[in-house]
Each structure stands twice: as C-alpha cells, then as structure tokens.
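See structure below.
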Amino acid sequence: MATPREIKKRINSVKNTRKITRTMEMVSTAKSKKLSDRVNASKPFSEKIQELTSSLSDLSSQISSPYLRKPEVVHKIAMLVVTANRGLCGGYNSNILRLARSRIIEYQAKGVECDVYAVGKKGISFFKFTKQKIVQGFTNINEAAGYKEAEYFADLFMDLYANQAIDGLEVISTVYQSSSHQKPEIIKIFPIETKENTSKSMENVIYEPNPKEILESLLPFTIKTSLYRILLEALCSEQIARRIAMKSATDAAGEMIKILTRGYNRVRQAKITQEISEIVAGADSLKK
C-alpha cells in the first residue's frame, strides 16, 4: 500500500499535468477561434468563384484547356494527405490516415498507381512506418499558413495534370462544417467536374473579353481558392480537436486528483488511528 508521502507526490504530479493541459486547451481555443473566423470569411468568396465557374461550365466543351482534360483511363492518381505536425489532438490524425490508407488500397486493387504527398509530420511518419512511398513531404503548414502555401500546391499539381503526369488529384483532409462537427473526407480536385447548364438563361449573356479567356484565368484561380479553403479548414479542425482532447485530459486529471485525495485521506486516517491505538495500548500496559 502506498504511503501518504507517495500519494501526495502523485497528486502534485497530476496537478502539474492538469495545469499544462488546461493551458494547451486555452491556447487551442484562441487559435481555433481565429482560424474559424478565417474559414467563415473565405466562404463567400470561394463559393462565388465556384458559382461563376459553374455558370461557365457548359462552355467547357468549346475550350481546350489542359485543366479540363477528362482521362479515359486512369493510370496514376496524386493524393495530398493533410495531417498535423503535432499530436495531442485526439483522433484527428488517425482518422485521416485511416481513410487515406483505405483509399490507397482501393486504388491499388484497381491497378492504379498512387503518388502520395504528405502534409504534416504525423502523416510522413505514418507512411514511412507502413513502407508507403512518399513523393514529397511538407512540414511548413501551420496556423500561420495561408494563400501562398495553397498557391504552391495548386501550381505543383496543375503542372503535373497539364503535362499528363497524373490523371487525377484527391485531397484527404478534415472538412470543417461547424465548430462542433468536423469530418475527414476525400475531396476531388482533378479532373474538374463540370455540370452542363440546361437552362436558357445563359444564352443572352455577353462575355467580355470572351468565354475562353475568362475560363482560362478563372480555372487556376478556382483551384487555388479551393486548396486555400481546404488548408484553412484542416488547420481549424486540428485546433478544435486539440482543444477537445485537452479539455478531456484536464477533466480526467481533475477526477484523478479527487480519487487520489480520497485515498490519501483514508491512508492518513488509518495511520492516525493506528498511532492512537498504539498510544492507548502503551498507556494500558503502564497501568498494569
């Protein structure tokens, strides 16, 4: 049985841990608030860009853009897996990596080659452990990342797709739906899905300078804004997951302190009772 001193030492150790987890919870709360504001601020712009692209999608058959290529046979897919650089965020990383692993196996079963691009140290470590080849790893994506990083990814994959080095691009990341709901999903970037506009509302539209030039400049911009939003949502979801994990750890530490304190009081009371019994026994022996 542990001595009162040992239990007291454990209580102090758990209290110190609780201070750390509470601080991390507060930091994650502040970061998630800033990132969620950035996500919400980017939504109207990205949605408007998507809407404008969709309105011109019925003209895609008239334009020979490399970004509108529809491969008849898929030989190689690029997969961008977005994870965190650090842990202590619950199942955030494991859920993404589980989905990525199953998707890779699915493509391999179809005979499709997968080029994996991993974002985050956790993803890079996982793929090295599973002996999955990584074309390129990125560890510079954090809460300070923005449009510059998204533009780099967009230029990289647009060049690969335009030169027919890949037949598609998928991003596996956590999608931010609300502050209480985030879910890992597979987001298809290439080939670009176009919807034919069957309405006649676009027949009388005058395009300046012309539809070809508009789409040629709009498509790369659409891809960049999509990747920018994906990165923002992933970073925001990471901080929310870390806040929840740290709150659970803080609550668990509080419960453990209560249990240890009760145990400490019982041991101390038992020791006091034993000392009193020994004193009474000694006093009785002296009377005899």
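The values are calculated or read from the model by the stated rules, or taken from the named source; none is laboratory data. Remember, it's a predicted structure, so these values are computed and weren't measured experimentally. When we count neighbours, we look across all protein chains shown, and the Cβ atoms used for this are built from the backbone with ideal geometry, even at glycine.
Details
- Residue match in segment 201-210 (condition: at pLDDT below 80 and either under 30 Å from Ser28 (Cα atoms) or in contact with an Asp or Glu (Cβ under 8 Å, 6 or more places away or on another chain) (or both)): yes
- Filtered residue count, segment 222-275, keeping only those that are farther than 21 Å from Thr17 by Cα, under 34 Å from the mean Cα position of the chain (by Cα) and of a type in the set (A, V, I, L, M): 7
- Out of Gln164, Gln132, sole residue that is surrounded by 12 or more Cβ atoms within 10 Å (Cβ to Cβ), at positive phi and assigned to a loop (DSSP other than H, G, I, E, B): Gln164
- Checking each residue of segment 102-120 against the condition of being surrounded by 14 or more Cβ atoms within 10 Å (Cβ to Cβ) and either on the phi > 0 side of the Ramachandran plot or at pLDDT below 90 (or both) gives at least one match.
- Selection count where residues are farther than 13 Å from Ala253 by Cα, more than 25 Å from the chain's Cα centre (by Cα), touching a residue at least 12 places away in the same chain (Cβ under 8 Å) and in a helix (DSSP H, G or I), scope segment 1-51: 3
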